[in-house]
Every structure is written in C-alpha cells, then in structure tokens.
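Undergrad: Pasting a structure below so you can have a look.
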There are 2 protein chains.
Amino acid sequence: MALSNLILAELRRLVGHENVLTEPEDLIPYSFDGTAALQQMPGCVVFSRTTEQVAAVLKLANEKKLSVVTRGSGTGLSGGSVPNRDCIVLCTVKMDKILELDRANLTLLAEPGVITLNIAEAATAAGLFYPPDPGSMKISTIGGNVAENSGGLRGLKYGVTRNYVMGMEVVLPDGEIMWLGNKCVKDVAGYSLKDLFIGSEGTLGVITKVLLRLIPKPAAKKTMVATFAQMDHAAEAVSAIIAAKIIPCTLEFLDRMTIHCVEDYAKIGLPLDCEALLLMETDGHSAVVAEEAAQMEQCCRNCGCLELRVARDDEEANKLTSARRSAFSALARVAPTTILEDATVPRSELARMIRFVETIAKKYQLRIGTFGHMGDGNLHPTFLTDERNRDEMHRVEEAFKEIFAEAIRLGGTITGEHGVGLAKKSFLPEFLGGTQMRVLRELRKALDPNRILNPGKMFD
Amino acid sequence: MALSNLILAELRRLVGHENVLTEPEDLIPYSFDGTAALQQMPGCVVFSRTTEQVAAVLKLANEKKLSVVTRGSGTGLSGGSVPNRDCIVLCTVKMDKILELDRANLTLLAEPGVITLNIAEAATAAGLFYPPDPGSMKISTIGGNVAENSGGLRGLKYGVTRNYVMGMEVVLPDGEIMWLGNKCVKDVAGYSLKDLFIGSEGTLGVITKVLLRLIPKPAAKKTMVATFAQMDHAAEAVSAIIAAKIIPCTLEFLDRMTIHCVEDYAKIGLPLDCEALLLMETDGHSAVVAEEAAQMEQCCRNCGCLELRVARDDEEANKLTSARRSAFSALARVAPTTILEDATVPRSELARMIRFVETIAKKYQLRIGTFGHMGDGNLHPTFLTDERNRDEMHRVEEAFKEIFAEAIRLGGTITGEHGVGLAKKSFLPEFLGGTQMRVLRELRKALDPNRILNPGKMFD
C-alpha cells in the first residue's frame, strides 16, 4: 500500500520538507544497492540528521505499521538495503560527523553516515589505525559496516568490524534510544546487546552513533606478489606461511580469469601466465616485517612460485594492492551482470573449495572469476553473466546451490562478509538448522514485534 | 520446594546413580562459589558427562519447571553460580576433554569442564598461544570463562575470552541442541548468537562445547616492575606508555596496602616504601620487546619512579608476576571476609577513580586494598572486612554504592570482568537504564520462557 499524503506530510514535519523524497526520478537511485538483479521502488526516502529524528520516524512507522529500510551508501552485496515495496527508506548519509577522537582511550565516536575511508584517515592523522577495510570503503558508511559486520583484506590478522566496535547508540522500532557499550576495554554488565546489533542487517534497530576502537599505527609494511602455475601450489604456500607461525595482515588471491580481467582493466603489468596470484602484506615493527617478508618469500619459493615481486616503495605497494582492490570492478566490466559470491570455508579447506568452484563452472557452462581472502578462507567466486538470459540465470542458481552445499559440508559458511539480506535468505535455514532459526525469529520478535524494520531480509 | 524422590530417581536414571549427589555433606561444597558471604543449599548436584545428558536434564527440568544452576569449578566472584534454594546444580567438571587441536586452522575444541590452564598448556605444547588468563585459571573451567566472558591480565593487548571464542555447542532450556559458529575467520550468517551466549552467565543455555581461536606464540617477553611515591605518578607513566603508541600485554598495579600484604605473604622482596607498584610486560618479536621495554622504562623514569627492576630471566619474571597474581590471596589472609570489587573506568579516568576509592575508604572507615588492570581501567578495590560485623558490612554496602555511582559518572561500568550474578544485580538497572533492561528481559523470556536457568541472577 502506497504511503498516504498524511504520512508523507507527517514525515516532512519531522525531518523537514527538503529531507523527504517522493518523486519517482528521485527514488530510483534508492531502489537498489550493490547487489545484481535486485530492485524495488520505495514509497519515499527520508534523510535523518539527528537521533531524535530517527526516533520520531520509527515511532510513527511503528504506530502505523509501515516498513522502514535503513541504508547508508547502499554498497551492500546481499540486497540488505534494497527497499520493500512502498516502504520508507531511512537514509543516514547526512549524519556524517566524526564527533570525537579520544587519544587517551584510543577511541573514535562517529555518526553512522561517516564514510569508512574518512574514519581510516582520521585515525591515521592521529598516528592511529582503524584496520577494517571493506572493498567499498571509499563509499560505504560506518553505520552500514556495523550493520553488516563488514570484513575486508586485513581480517586474518586484525579481525573484522565487530572487533573494533566498543559501543553504539541504537534506536529501537518503538523510538526508544539505547546506548550500548562504553570506552572501557572490559565490560560484562548484562548480555552483549552491542554484539547482537552488529551484523543484524537493519532488522533490530537503527544505529545512530558508533564508538570505535583504534590501535597504534604499524610502523612498517611490506607488500609482495607471487604467481603460481597451479592453484594448489598457492594454497600450499599459504599453509606453509601459517605453519611458520606468521599471520600476515593480507593474504589475498586471484585466479587466472580475475588476473586477466584486472590486467586488461588496470594495466599493472601482472604476469599473465599463471593459475593463481597471491598478494601478501606484512605490517608492524620494521624488524618483524623484514623477517616475516623473508620467510613468506621463502615459503612461496619452496612451493614453486613462478615469479615473486616485492614492492620497493609505497607507490609500488599501492599498485600491487590495487590489483586485488580492483578485482570486482575489473570483472564487472566484462559481463552485463556480475554476481559476487561470498562462500567461506576453514582455511585448510580452501584449495579444495577453489577446485570445486572450477568444476561447477564447467558443469554449468558458466564463466566464474574467483578471488578472495585466502588467509580467511573467504572466497568470492564471481559469476560473469547476463540477467536477461533466463537459462543462464537458472544455471547460476543451480551452481550457487551446489557451491553453498559444499561450503557447508566443508565446515564453512554461506556468507563470510556480505551478509544474508535477500541474496542468501533461502540458504540460511539449511545452514543454521531449525533450532537456531527459531531462536533468530524469537529474538527479532522480541525486539521488533510489529516487524517494521527491514522486513523480509535475512529470514521471514 | 525440595526435589521429590521421583525427580531424583529420574535424574539418576538420566546420568547414572554415581553422578547425582543429594546428601547434605556432599552438597555443601556446591552451596557457594568464590564470592564472599553468599551461600545457599541446592536440592541436588548432577554431573553430566555428555551433551545428551545435559539435554535430558534440562528437558526434565523444563517440563517440571525446576531451577537449574550450571557451574564448573565455582570460582566466580559475582555469585553467578551460587545455587537457588533446592535447585538442580548442573556441574560440568566431568566433561573435561580437549577434543581437537587443529594446527592448520589454529583452533582448539574443548568440553566445558576443561581447566583453563590445561587449554593454555595444550596451546603452548603446539607452539601456539591462548591469551586469556583469568586470575583463577589454575582452577576455573573454560565453560565458566565463556559464560562469564572472563578477562585477565592480558586484556589490553589481547582482549578477553570473547575474542577467542569461534564457536560453541549450546543446549537450550527445552533440551534442543545448537551449534553456533565455526572455524571460519569470517562468518556473518544470521545474528551472532554466539556473542549473545558469551557472558550470559548461565541464564540462556548450557554450553557443552567450546571452539577456541589460538594465535602464534610470541617469541620473546620482558617483565619489569616499577614503584612510585604517588599513585598519580604511576598513572602518568601509564598514560605516557599509551601515548608512545605501546600496547603492553600486561600493565597492572598494586596500591600500598596490597604491596604490603603481598610481601608479607609471598616474600618476593618488593620495595615497601611506595604508594604504587606497576607490573609491566611486553611480548612479541625480540626486537620489538627490547625497544618497547626500553621505552616503557624511560616513561616510568620520566614520571619519577622510585625503583625499576627488569626481570633477567623467566624465573625472575614469574616471581614478579606472582606479586600481582597472588594479590587476592594475600589480601584474603588478613581479614575474615574479603570482598573483591570490579569497578572499571576508561583508562584516562583511572587515577581519578583510584583517588576516589581512597576517599571512600576514609569516609566509611574501611580497609581497602586496591589492585587491578591499569591498562584496562579495570580496578579491583578489595574490602578487608568481617561479614559478622553488621555495622561494618552496612558501611561496605554504602561504600559500594558510591564507588559504582562514580564509575558510571566517569563513563565506566559496574563490572569489568566478574559479571553481574547476585553481587551486582541491584546496580544493573541504574547502569543500563530502563530500555536496555526491558530488552534484556525480553531476550531472556524468548530463550527461557519458564525461567529455569539460573533464575534470579543478573536481573529478576
């Protein structure tokens, strides 16, 4: 049911006329997120500027039982911020202030609409470090990162967004405002509600402030790239590095298809005659970095790498890193529809999983480029397809089913860092099982009894 | 209402005759935990050996609406495992096997009754490291550590128990068994139920397996002790260390009363003519350790330390560390009742909080020895008292109220690592506020509708 003029007038009264969009041409940019083949027009878009406005909007929506889909920049890859039909899109991008950087307690307080990169840069300017670096960090907002528990390239050593959230302000569906957590390193007063909200994909409340933990900036860094004739050799090199008790800050890989697409796109000068490329980075004290880099190099050589290139300076390091950072964009150029997947397995099962994806590509005659976080076991098989080709899309779906079944069989998960949203919703019940699904439903019912927040996302 | 013979017979049938205790003299050791002045006789004690037995016991209790209080070694300091009257105490100490140590994925799978120290030693034997080291780690069980989200001396650099739990098996009150988490470094499929159960103090389910994350063992370590004429100087040294971008693995302090008690007890040769003692430890690569130790020493000297002693070898390091590790035992010797508190503030407010505790000790004519985790802002003001002295106990209570009010005022928490249990229950509502208390209640109701699990703990 479309939003009535009465509701729209009330929303305008709450947030100001200029902060409510209703014209179709204005709504279109908010009708999708970063996920392929998903689109739905909302009833309106509301920009909040304060926590009190968020509370007022939710209170109204809750009373009238209207759906609210919260979003930041909409870079999500699981459809988590795709609108419901005629819903209110609550967009937090105008709440974009860094409120405090506390050097004594190493914390940063931000509004949810702050761009992730701005947080990283504010930390750097203070000689500190905010490690989570999701692929979309130049555009994504910290509120979205927290709602999705975003990962990135440094997960193996530094963890993900969850590991850096010390507190948050949350507005519940009934408009009540809660502050969770604090600047204390330790706090065990009550259940960790903060951790329940991290990764809850906008289904339990709206995040209106985030308190982040910063750490000292590593003094040195070394970046290198190694290529391998066979994926198995690359996987062996990764195992050898871990067995040497090294936890690199980055341990990424690209397969042949991705390497070629990246080289076409970015002209980095990557070696093309290989099955796999590893991008490795160690950071920390300069003595540690020198030793670890030498050991990592030795591990790669012992596993028969074809070529190994160590960046001489920051510029070359950035160039090598950009090979990985541009993987998605590079693949996205070569087909009308790019579906980026996120199956994840324990690190020890990674080589097996990569081979399985290759088999599936052949079986279903699909073009798949695979890249991802090798140290994390977090794979991004990317389907190069065309959503207008019904037969191919059907084969893509069948391929997904097999890939996720295999990930689960290997002790993995259906999503490492992109979230469930709409894209993985149908796979969640089998993965979690009936008991856990029941608990998820009961928690959601307890927090959002009228089901106004992002309904239909994650599970029904 | 006492447990009927019918119930006891059924429990014996479920877990075996030898695993049910009912004689008063057998029950007494299970009528208290590590918390002073709290005792209550249970109806029986049941030892489970398998997950299925736990499920069967809970199912029975749920049907008959009987209270179940789960415990391991009972070292808790907030009364979290003190029985309810006539309840079933479910004791997991016989589920004490380490089931797997996975060197490729750096994980350890354990039953809940494994002693924390055994986990640390198993990790060490594999060249790996399990950092959480709660004070009670020689006796406490990993199940209890997870249920309480235990801290320890390494929290500042390495975090607490939560940061090392990758997965767990949980039995819900209705006997349903769930497996949460996995060996993947990244996993965002559904709400993080694992994080909800960590620190839930036995009120949501019973933990029957724990999957822990291990990390590479730091190659080197340096331990040192510095003494200061004034607490403020010690606090300034801590601030200077953090400002120098050093995160030591240990940064502990003892006040004058504690130093004297420890020296009386352990004859370590501590300097007695000081107001404060800092125990500092840096670990990692030997080059890092050497540099950081030199910088920490300089910070202490710049802040006017009286004496600084660097351990020459492991033996001396252990001796110095034991000064801190024996603080509680040493204080406990000098008074019939020792009440260990756990107020925590942001690190920047620590000196202020310590001075406040001193003022309160004078105001209420109480003996308080204070020690704790200076880097974490986690204070343990310890009241040396006598529970038979009603007037004094009344003053202790009044002193607590003021200390917690001040901790909250300074942006801190009422418990950094000991939990709420019975001891902090009355302080929780004011700390969290009405909205958060309502959410806690709703979550508990969703998971344990018959309120059989540890009823009356954390909140009513």
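Undergrad: State all residues of segment B:198-222 that are facing chain A (nearest Cβ under 9 Å) and closer than 17 Å to A:Leu443 by Cβ; if no residue qualifies, say none.
TA: B:Ile198, B:Gly199, B:Ser200, B:Thr203, B:Leu204 - these are the residues of segment B:198-222 that are facing chain A (nearest Cβ under 9 Å) and closer than 17 Å to A:Leu443 by Cβ.
Undergrad: Specify the residue that is surrounded by the fewest Cβ atoms within 10 Å (Cβ to Cβ); the eligible residues are those in segment B:341-360 that are among the hydroxyl-bearing types (Ser, Thr, Tyr) and touching a residue at least 24 places away in the same chain (Cβ under 8 Å).
TA: Filtering first and then ranking leaves B:Ser348.
Undergrad: Starting from residues that are among the hydroxyl-bearing types (Ser, Thr, Tyr) and either in contact with a Lys or Arg (Cβ under 9 Å, 6 or more places away or on another chain) or not in a helix (DSSP H, G or I) (or both), keep the ones in segment B:340-363 and report whichever is modelled with the highest pLDDT.
TA: So, considering only residues that are among the hydroxyl-bearing types (Ser, Thr, Tyr) and either in contact with a Lys or Arg (Cβ under 9 Å, 6 or more places away or on another chain) or not in a helix (DSSP H, G or I) (or both), the one modelled with the highest pLDDT is B:Thr344.
Undergrad: With the structure loaded, tell me whether A:Leu447 is touching a residue at least 60 places away in the same chain (Cβ under 8 Å), over 16 Å from A:Leu340 (Cβ atoms), at the interface with chain B (Cβ under 9 Å from one of its Cβ atoms) and not β-branched (Val, Ile, Thr) or whether it fails that test.
TA: yes
Undergrad: Now for a different question. Return yes when B:Thr75 is within 22 Å of B:Ala37 (Cα to Cα), more than 12 Å from chain A (Cβ to nearest Cβ) and under 21 Å from the mean Cα position of the chain (by Cα) and no when it is not.
TA: Here the answer is yes, as B:Thr75 does meet what is asked.
Undergrad: Given the condition of a type in the set (Asp, Glu), part of a helix (DSSP H, G or I) and within 14 Å of chain B (Cβ to nearest Cβ), answer yes or no: does some residue in segment A:247-258 qualify?
TA: no
Undergrad: Is it the case that A:Ala104 is closer than 26 Å to A:Leu211 by Cβ and either free of Cβ contacts under 8 Å to residues at least 24 places away in the same chain or surrounded by 24 or more Cβ atoms within 10 Å (Cβ to Cβ) (or both)?
TA: The answer is yes for A:Ala104.
Undergrad: Residues that are at positive phi and within 14 Å of chain A (Cβ to nearest Cβ): does segment B:289-309 have at least one?
TA: no
Undergrad: A further question on this structure: Are any residues in segment B:269-288 closer than 30 Å to B:Leu128 by Cα and away from every other protein chain (no Cβ under 14 Å), and if so, which ones?
TA: Correct list: B:Leu278, B:Leu279, B:Met280, B:Glu281.
Undergrad: What's the number of the condition B:Phe427 fails, among (1) within 14 Å of chain A (Cβ to nearest Cβ); (2) touching a residue at least 40 places away in the same chain (Cβ under 8 Å); (3) aromatic (Phe, Trp, Tyr)?
TA: (2)
Undergrad: I would also like to ask the following. How many residues does segment B:289-307 hold that are in contact (Cβ under 8 Å) with a residue 40 or more places away in the chain and either in a helix (DSSP H, G or I) or surrounded by fewer than 18 Cβ atoms within 10 Å (Cβ to Cβ) (or both)?
TA: Final tally of qualifying residues: 13.
Undergrad: Given the options A:Ala330, A:Ala317, A:Ala323, A:Ala335, name the one that is outside any helix (DSSP H, G or I) and either among the basic types (Lys, Arg) or away from chain B (no Cβ under 13 Å) (or both).
TA: So the residue among A:Ala330, A:Ala317, A:Ala323, A:Ala335 that is outside any helix (DSSP H, G or I) and either among the basic types (Lys, Arg) or away from chain B (no Cβ under 13 Å) (or both) is A:Ala335.
Undergrad: Let me ask something else about it. Counting only residues that are within 14 Å of chain A (Cβ to nearest Cβ) and either basic (Lys, Arg) or assigned to a loop (DSSP other than H, G, I, E, B) (or both), which one in segment B:229-246 is surrounded by the most Cβ atoms within 10 Å (Cβ to Cβ)?
TA: For segment B:229-246, the residue satisfying everything is B:Ile246.
Undergrad: Which condition breaks for B:His394 when tested against (1) within 14 Å of another protein chain (Cβ to nearest Cβ); (2) more than 30 Å from B:Val68 (Cβ to Cβ); (3) out of contact with any strand residue (DSSP E or B) (no Cβ under 7 Å at 6 or more places or on another chain); (4) part of a helix (DSSP H, G or I)?
TA: Among (1) within 14 Å of another protein chain (Cβ to nearest Cβ); (2) more than 30 Å from B:Val68 (Cβ to Cβ); (3) out of contact with any strand residue (DSSP E or B) (no Cβ under 7 Å at 6 or more places or on another chain); (4) part of a helix (DSSP H, G or I), B:His394 violates only (1).
Undergrad: Testing B:Phe400 on (1) more than 8 Å from every other protein chain (Cβ to nearest Cβ); (2) surrounded by fewer than 21 Cβ atoms within 10 Å (Cβ to Cβ); (3) at negative phi, one condition comes back false. Which one is that?
TA: (2)
Undergrad: Which count do you get for residues in segment B:271-291 that are under 17 Å from B:Asp313 (Cα atoms) and under 26 Å from the mean Cα position of the chain (by Cα)?
TA: 6
Undergrad: Could you tell me whether B:Phe356 is more than 14 Å from chain A (Cβ to nearest Cβ), within 22 Å of B:Val160 (Cβ to Cβ) and within 24 Å of the chain's Cα centre (by Cα)?
TA: In short, no.
Undergrad: Show the residue pairs meeting these rules: Cβ distance below 6 Å; 6+ apart or different chains; first residue within segment B:254-265 and within 13 Å of B:Thr227 (Cα to Cα) and crowded, with 17+ Cβ neighbours inside 10 Å; second residue among the polar types (S, T, N, Q) and modelled with pLDDT under 95.
TA: B:Asp255/B:Thr370
Undergrad: Filtering segment B:433-444 down to residues that are surrounded by fewer than 18 Cβ atoms within 10 Å (Cβ to Cβ) and facing chain A (nearest Cβ under 7 Å), which residue is nearest to B:Gly175 (Cα to Cα)?
TA: B:Glu442
Undergrad: Quick check: is even one residue across segment B:196-210 part of a helix (DSSP H, G or I) and farther than 27 Å from B:Gly127 by Cα?
TA: Yes, the conditions are met somewhere in segment B:196-210.
Undergrad: Select from segment A:121-150 the residues that are touching a Leu at 6+ places or on another chain (Cβ under 7 Å) and small (Gly, Ala, Ser) and list them in ascending order.
TA: Hits for segment A:121-150 are A:Ala122, A:Ala123, A:Ala126.
Undergrad: Can you tell me how many residues within segment A:112-131 are part of a helix (DSSP H, G or I) and of a type in the set (A, V, I, L, M)?
TA: Result for segment A:112-131: 6.
Residues are listed down the side, and each one gets a yes or a no for (1) at pLDDT below 90; (2) within 21 Å of A:Phe404 (Cα to Cα); (3) surrounded by 15 or more Cβ atoms within 10 Å (Cβ to Cβ):
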position	(1), (2), (3)
A:Asn318	no, no, no
A:Arg324	yes, no, yes
A:Ser329	yes, no, no
A:Ala332	yes, no, yes
A:Pro336	no, no, no
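The values are calculated or read from the model by the stated rules, or taken from the named source; none is laboratory data. Quantities reported herein were computed from a predicted structural model and do not represent experimental measurements. Positions of Cβ are generated from backbone atoms using ideal geometry, with glycine treated the same way; all protein chains shown enter the neighbour counts.
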